[in-house]
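Reading through the structure tokens given below for one structure.
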Amino acid sequence: MSQFDTALKAFAEYGTVAQVRHSLALVRGLPGAATGELVYLENGAPGKVTWLEEDVVYVTLLTNQPIRPGQRVARAGRPVEIGRASCRERV
């Protein structure tokens, strides 16, 4: 099962990409989305909710994969997390 399918099953809520501008997608739908929330596009690409308006959610695309209008987007229900690289201090 893909990350998109898992997210869709968990929240039963999805939106649709209406427009893509550089690395930003305008998504119609996703009424429960929160700023900073992780989302997955139908092709498995991740994104981050960056801005909310009444009927549009702006998603920063975290991928180099081509994204086109009409693709579905599902909420992951958690914030975007950036892993911490382990390092040792030099003495």
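The values are calculated or read from the model by the stated rules, or taken from the named source; none is laboratory data. A quick note: this is a predicted structure, and the numbers were derived from the prediction, not measured. So basically every Cβ, Gly included, is an ideal-geometry build from the backbone, and we count neighbours across all protein chains shown. To get the accessible areas, we keep the full protein, side chains included, count just its heavy atoms, and leave off ligands, DNA and RNA. Shrake-Rupley method; radii C 1.70, N 1.55, O 1.52, S 1.80 Å.
Could you go through the stretch 54-61 and let me know if any residue there is open to solvent by less than 40 Å² (accessible area, probe 1.4 Å) and under 14 Å from Leu8 (Cβ atoms).
no
List every residue pair whose Cβ atoms lie under 6 Å apart, where the two residues are 6 or more positions apart in sequence or sit on different chains, the first residue falls within the stretch 11-25 and is farther than 10 Å from Ile67 by Cβ and free of Cβ contacts under 8 Å to residues at least 60 places away in the same chain, and the second residue, located anywhere, is among the basic types (Lys, Arg) and part of a strand (DSSP E or B).
Note: pairs meeting the criteria are Gly15/Arg28; Thr16/Arg28; Thr16/Arg72; Ala18/Arg28.
Looking only at residues that are open to solvent by 50 Å² or more (accessible area, probe 1.4 Å) and within 14 Å of the chain's Cα centre (by Cα) in the stretch 3-15, which one is nearest to Leu62 (Cα to Cα)?
Across the stretch 3-15, the extreme among qualifying residues is Gln3.
Go over the candidates Leu52, Leu26, Leu38 one by one and state the one that is closer than 11 Å to Gly77 by Cα and of a type outside the set (Ser, Thr, Tyr).
Leu38
How about the stretch 51-69: which of its residues are in contact (Cβ under 8 Å) with a residue 12 or more places away in the chain and under 14 Å from His22 (Cα atoms)?
Tyr58, Val59, Thr60, Leu61, Leu62, Thr63, Gln65, Ile67, Arg68, Pro69
Taking Ala74, is it among the aliphatic types (A, V, I, L, M) and either surrounded by fewer than 12 Cβ atoms within 10 Å (Cβ to Cβ) or touching a residue at least 60 places away in the same chain (Cβ under 8 Å) (or both)?
yes
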